[in-house]
1. Looking at segment 58-70, can you tell me whether even one residue there is surrounded by 15 or more Cβ atoms within 10 Å (Cβ to Cβ), assigned to a helix (DSSP H, G or I) and modelled with pLDDT of 85 or more?
2. Could we say that Gly119 is part of a helix (DSSP H, G or I), surrounded by 14 or more Cβ atoms within 10 Å (Cβ to Cβ), at pLDDT 85 or above and not charged (D, E, K, R) here?
3. Here is a check on your reading of the model: is Ala44 in contact with a His (Cβ under 8 Å, 6 or more places away or on another chain) and at pLDDT 90 or above?
4. Please state which of the following conditions Pro89 fails to meet, knowing it meets all the rest: (1) under 28 Å from Ala132 (Cα atoms); (2) in a helix (DSSP H, G or I); (3) at pLDDT below 85.
5. For segment 139-155, give me each residue that is assigned to a helix (DSSP H, G or I), closer than 15 Å to Leu107 by Cβ and hydrophobic (A, V, I, L, M, F, W, C).
Amino acid sequence: MSDVKSAEEAFAAAMAMELVGKDFYTALAMASDRADVREFCRFAAAAEARHYSVFRQMRDAWAGARKAIPLTPETAEKLRAIVKANIQPDPQTVRKVGVHGSLKDALDMAIRMEQDSIGFYQGLLAILPNLAGQIQPIIVEENAHLRDLQTLHHL
């Protein structure tokens, strides 16, 4: 696997995570009878859609930038490892819990998904520090989502 392919796969994994999150929050917003949950979920779904766009732009720009941001074999291997370790819930399971699960189950899943996203993006940031200006704001937003979810979970 080439170094460029490793980076592209990392960005593709990030994009997939954001799409799953957007779909989950959209489904939960439609299914919840709590106004605070619906409001948060609509906000979070929009944020996940923005994050998807950021990672898509990074992926699209990577091929042109690879000469300016070369990956060593060690860095490429680290990227492959974090992509492989990125175990996200099946999108159908996420939608099912968002629509048909209990609110507690849905919030538990959302908390796990945000925690996994944060860990994944911190791994990307550690490996690709030159992209900090783009990745760090997403980590900050995901941490805010996590705090909001934890608050909703305790209400």
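1. No, segment 58-70 contains no residue that is surrounded by 15 or more Cβ atoms within 10 Å (Cβ to Cβ), assigned to a helix (DSSP H, G or I) and modelled with pLDDT of 85 or more.
2. Yes.
3. Judged against the criteria, Ala44 is a match.
4. All conditions pass for Pro89, except number (2).
5. Those that are assigned to a helix (DSSP H, G or I), closer than 15 Å to Leu107 by Cβ and hydrophobic (A, V, I, L, M, F, W, C): Leu146, Leu149, Leu152.
The values are calculated or read from the model by the stated rules, or taken from the named source; none is laboratory data. All values derive from a computational prediction rather than experimental measurement. Backbone-built Cβ (ideal geometry, glycine too); neighbour counts: all protein chains shown.
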